[in-house]
Amino acid sequence: MFDLKGYEASLLEGAWVTLEVALASLLLALLLGMLGALAKLSPYKWARGIATTYTTVIRGIPDLVLMMLLFFGGQVLINSLCSWVNETYNSWLLESNPNQEWVSLLPDYIDISPFAAGVATIGFIFGAYMTETFRGAILAVDKGELEAARAFGMRATQVFVRILFPQMMRHALPGFGNNWLVLLKTTALVSIIGLDDMVRKASLAAGSTQQPFTFYMAVALIFLIFTAVSTSALKWAERHYAIKTR
């Protein structure tokens, strides 16, 4: 049951790729989530409209469909755009000089890497969930403290860094932790678009050895280890921000 037939190194390599995808996606999700939350709380109607549309659309489409759309549809869109730019530019050149040779401003073909597509898709998806998490956390901060900081003469960036962010993190951490754990499991989808992550490595090893239970059980255990470490880190963060805000 626990004999991995020499595929231990391959699985560990895939686990590292999985972790890279998860962390890179998390950074993108945090950025989009904070921007989305600030946009939803913005006094500008157009900003609120964009943020609301973003969260509504993303939360209404399955993750797998979004990943396939971005990886395959995005690649077609980018290459079509490159072809259009090159053709338009060369048509303009030929009008002034019929003997002008073809000039490529952009590459004729761009191949989107599965890693970039996976990170972009997962980050984009969970940015919508982080938006709602951060919006609720910001609303939970006492407005009197923010007004007092502004009255004291703090700039907007100082109010955010010194007052708003530490206060909101205490309220955001439970939702953030849940989103991170779900994001971590969602990385398994990148195997579908050809990235050699842990799930794909296990799938190839299972097909070669005809022992799917062994390798998928190993993947499950590695994900459980990631989850256990993450849970410990989140508990430490909750204690840290609880102390800071007392």
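What the table below lists for this structure:
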| read-out | value |
| --- | --- |
| Label-point separation, LEU31 to TYR89 (7 Å along Cα→Cβ), nm | 2.5 |
| Between the stretch 1-70 and the stretch 86-133, the Cα center-to-center distance that results, in Å | 21 |
| Förster radius 25 Å - calculated FRET efficiency between LYS143 and ARG59 (Cβ-Cβ, nearest 0.05) | 0.35 |
| Relative contact order of the chain, defined on C-alpha pairs under 8 angstrom at six or more residues apart (%) | 31 |
| Cα shape, the stretch 97-231, gyration tensor, a/c 1.5 rule | oblate |
| GNM flexibility winner over the chain from SER42, SER91, SER113 (Cα, springs under 10 Å) | SER91 |
| Within the chain, longest stretch clear of exposed chymotrypsin sites (Phe, Trp or Tyr not before Pro) (DSSP loop, no more than 10 other Cβ within 10 Å) | 153-246 |
| Kirkwood Rh and Cα Rg combined as Rg over Rh, evaluated for the stretch 129-189 | 1.14 |
| Student exercise, the stretch 1-132 dipole from Lys, Arg, Asp, Glu Cβ charges, in Debye to nearest 20 | 800 |
| Loop GluC sites (Glu not before Pro), the stretch 87-124, which have at most 15 other Cβ atoms in a 10 Å radius of their Cβ (DSSP) | GLU101 |
| Gaussian network model of the chain, springs between alpha carbon atoms under 10 Å - residue of VAL119, VAL65, VAL85 with greatest fluctuation | VAL85 |
| Net charge dipole size for the chain [Lys, Arg +1 and Asp, Glu -1 on Cβ; Debye, nearest 20] | 1500 |
| Kyte-Doolittle mean at least 1.0 and Cα axial length at least 30 Å: DSSP H helices in the chain | 8-40, 114-140 |
| Pairwise label distance in nanometres, LEU105 with LYS45, each label 7 Å out on the Cα-Cβ vector | 3.6 |
| Under 13 Å, Cβ to Cβ, from TRP102 - net charge with Lys/Arg +1 and Asp/Glu -1 | -3 |
| Loop-located trypsin sites (Lys or Arg not before Pro) in the stretch 111-179, at most 13 other Cβ atoms within 10 Å (DSSP) | ARG155 |
| By average C-beta atoms within 10 angstrom, highest first, the peptides 204-212, 191-199 | 191-199, 204-212 |
| Flagged links, alpha-carbon separation over 32 Å, of LYS45/LYS143; LYS143/LYS185; LYS40/LYS201; LYS45/LYS235; LYS45/LYS185 | LYS143/LYS185; LYS40/LYS201; LYS45/LYS235; LYS45/LYS185 |
| Computed over the stretch 116-157, the ratio Rg/Rh where both radii use C-alpha atoms and Rh is Kirkwood | 1.26 |
| Percent of Cα-Cα distances greater than 28 Å, calculated over the chain | 50 |
| Net lengthening on full extension, SER96/ALA237 (0.36 nm per residue, minus Cα-Cα) | 44.3 nm |
| Relative contact order, percent, the stretch 78-224 [alpha-carbon distance under 8 Å, six or more residues apart] | 19 |
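Bear in mind these aren't lab numbers, they're just calculated from the coordinates by the rules spelled out. The structure displayed is predicted, hence computed values, not measured ones. Cβ coordinates were reconstructed from backbone atoms using ideal geometry, including for glycine residues, and neighbour counts include every protein chain displayed.
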